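Contents: one structure, followed by commentary.
Quick note: the coordinates plus some simple rules give every number you see, no bench work behind them. Computed from a predicted model, the values in this text were never measured in an experiment. Cβ sites come from the backbone with ideal geometry, for glycine too, and all protein chains shown count toward neighbours.
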Amino acid sequence: MINITFPDGSVRAYEKGVTGYEIAKGISPRLAEEVLAVAVKPAGDTTIGKGETRDLNRPIEEDCSITLLKWEDDEAKRVFWHSSSHLMAEALEDLFPGVKFGIGPAIENGFYYDVDLGSHQITDADFPKIEKRMLELAREKQDYTRIDVPKAEAMKHFEEKGDQYKCELISELEDGTITYYTNGHFTDLCRGPHLRNTDVIKAVKLTALAGAYWRGDETRGQLTRIYGITFPKKSMLDEYLVVLEEAKKRDHRKLGKEMELFTFSPRVGMGLPLWLPRGSVMRFELEKFLRKKQNEYGYLPVVTPHIGSKDLYVTSGHYAKYGKDSFQPIHTPQEGEEYMLKPMNCPHHCEIFRSAPRSYRDLPLRMAEFGTVYRYEQSGELHGLTRVRSFTQDDAHMFVTPDQLKGEFEKVIELILYVFKIFKFDKYTAQVSLRDPNNKSKYIGSDENWEKAENAIIEAAAEMGLKTVVEYGEAAFYGPKLDFMVKDAIGRKWQLGTIQVDYNLPERFQLEYTAADGSKQRPVMIHRAPFGSIERFTAVLLEHTGGHLPVWLSPDQVKVLPISEKYSDFAKKVCGLLNNSDIRASIDDRNETLGKRIREISLLRVPVLAIVGEKEVEQGTVSVRKEGADAGVMKVEEFVAWLKDQMAQELA
Ligand SMILES: [Zn+2]
Ligand SMILES: [Zn+2]
């Protein structure tokens, strides 16, 4: 008999060799239907996490703790989707005999398989028949069977099949036994884990095709990457497709173009965004918004250059850690003189701290900068404004005494929650990342300080009413942190806002302040960025709102539209009055129908339209529409007051 511990702490004895599926079935037949995989952690294993994810059919031979994994668990989704890649491979083998296979992993949403279809050119038009075949095979309730075979035998199998890709993968494995998995007539070299059988796969959608170099190497052949996603229920696929369709409409790269906010130029360089006038107006408004709030919290503005001497980053440790993967040093005519493009603002801020003697009375010292930084990202990783090589952080660093950590953390949480409220990110979660308690030696800073900081974060979060998930072992080596995840309007999750404690940089830069007793003490540093970066925040906000920004943030707040040229003069007068009241208004009196002009303006997502015709000219009024809905007829002065009131409400 073996003892198995469940997540609630209860322990039960089972026959040696019992499977996860049998355990689930013993608890309830319904659970057995829902469970997809099992996480197993041997008794005595003190590492963090649920343990190794395994096949439900695999015998459990030793005392351990287990977690039965269902669709809701990310690990189970990975097993589900990876198993689906095997199912797709089987279908491809049926439809395209002779197809060869590279790798087929699960990804964040679904799976892919890299395949070599020889001379056959696959297109989207092939998707329905592949999907149909996958569902037919799934209904056969094929078991995913794990088989151990000697390496030589595996090699022989794939040589006979003529699959050079699998042969290459096998040749790199250590000698001894390797694992195969079969489902139906398809055999794959794989370590697993997989589902019990194909029957749980109820809905299939192939989503995209792409070229992929074998092993990411441009000098090797190109394979076809087929992407797909599967679900245990048809209704889940339907929901997913609705979200996908909506996500396409909200893609910030599409909106950025339509709203004329930003662009990219290969001649300027990949991943280097160019902010257009309308985008720049929006960006300045974002900065203004945060600056105002930061002033209330006692932040002091600083400005630092876009480059720094290499020595600065050697001191900070960034050069040793990231130097090779960064933009390489800039050389000057002076022999041996080297500068780096700034990858982060913190080292510069540390030097500002050092520029004067500091006393405990100066702390907390809060330095804020909209600092543009440069990081080299692989070209394949670049994506719109979310992954760029140049971006501006809404950065700030607080230098505090250890006793001030908690209070300062509370203030930062308050600020981040204010940002979420104003931008209507109503659904968010927070994760506290702490040390791995079993591996304390890999972290810098004293035990006492770590405990203080970790408790400060946990208590500050609790006092601010934040619901948090605590993750052990997720802290950076230099300090614990608090990360925020928001859910956007269509349910997608984005990481926004980070607060990070740092013991490392104050040490490396030998930062000191004079304590009340006259002794020299080291301050603790907090890094924080509620937006993350202006670029990333803009992208997330556009996708969250579909481009329908609040009035205060819109580049064009009001478009004044005369019904015909006859009313242009009055429209100009209205526009002038609005501009004089600090409203960003412009006129569109092109010789086009009103309908056509409104349609074109809708692409720019101008929130408020002021329409003037004969009646309006006579009465000195405008007909107001906000976000497509009638907001009434107003005198021009009333309209200004109404606009100011709208903005005040948005910012309240
Ligand atoms: Zn597999
Ligand atoms: Zn920093």
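Could you please report the charge total around Leu312, scoring K, R as +1 and D, E as -1 over all other residues with beta-carbon less than 12 angstrom from its beta-carbon? It works out to a net charge of +1.
Here's the list of aspartates and glutamates a cross-link from Lys596 could span, going by alpha-carbon distance under 17 Å and ignoring same-chain residues fewer than 8 apart: Glu258, Glu565, Asp588, Glu627. Axis of helix 447-463 versus longest Cα principal axis of the chain: the two differ by about 70°, to the nearest ten degrees. Net charge dipole, the chain: roughly 1320 debye, given to the nearest 20, about the Cα centre with Cβ charges of +1 for Lys and Arg and -1 for Asp and Glu. If you take the Cα centroid of segment 582-652 and the Cα centroid of segment 86-128, the two points sit 53 Å apart. Only Cα pairs under 8 Å and 6+ residues apart enter the sum, and on that basis the relative contact order of segment 558-650 stands at 28 percent. For segment 176-237 versus segment 461-509, the inter-centroid distance based on Cα atoms is 34 Å. Would you mind checking the pairs Lys16/Lys70; Lys421/Lys487; Lys129/Lys166; Lys572/Lys635; Lys25/Lys70 and listing those with alpha carbons more than 18 angstrom apart? Checking Cα-Cα distances, Lys16/Lys70; Lys129/Lys166 exceed 18 Å. Charge tally for Leu135 (other residues, Cβ to Cβ under 14 Å; Lys, Arg +1; Asp, Glu -1): +3. For Ser623, Ser309, the sequence from fewest to most other C-beta atoms within 10 Å is Ser309, Ser623. Cβ-to-Cβ counts within 10 Å put Asp589, Asp63, Asp311, Asp217 in ascending order as Asp217, Asp311, Asp63, Asp589, the fewest first.
Can you tell me the orientation of helix 405-422 relative to the chain, as the angle in degrees between its alpha-carbon axis and the longest Cα principal axis, to the nearest 10? Rounded to the nearest ten degrees, it is 80.
Applying 0.36 nm per residue to the separation of Asn439 and Leu577 and subtracting their alpha-carbon distance, the gain on full extension is 43.1 nm. Taking each of Lys41/Lys161; Lys254/Lys424; Lys248/Lys292 in turn, the alpha-carbon distance tops 32 angstrom for Lys41/Lys161; Lys248/Lys292. Taking Cβ atoms as reference points and 11 Å as the exclusive limit, the residues near Ala43 contribute a net charge of -2, counting Lys and Arg as +1 and Asp and Glu as -1.
In this model, which of Lys573/Lys644; Lys324/Lys520; Lys481/Lys626; Lys427/Lys626; Lys257/Lys493 are farther than 30 Å apart at the alpha-carbon?
The answer is Lys324/Lys520; Lys481/Lys626.
Measuring between their Cα centroids, segment 277-347 and segment 559-580 lie 44 Å from each other. Counting beta carbons within 10 Å around each of Thr179, Thr198, Thr498 and listing the fewest first gives the order Thr179, Thr498, Thr198. Most tightly packed first, judged by the mean number of other beta-carbon atoms within 10 Å of their residues, the peptides 275-285, 232-242 read 275-285, 232-242.
Please name which of His86, Gly9, Cys350 has its Cα lying farthest along the dipole of the chain towards the positive end, using unit charges on Cβ (Lys, Arg +1; Asp, Glu -1) and the Cα centre as origin. The one lying farthest along the dipole's positive direction is Cys350. May I ask for the percentage of alpha-carbon pairs in the chain that lie more than 42 Å from each other? The calculated P(r) of the chain puts 43 percent of pairs beyond 42 Å. To the nearest ten degrees, helix 636-650 and the longest principal axis of the Cα atoms of the chain are 30 degrees apart.
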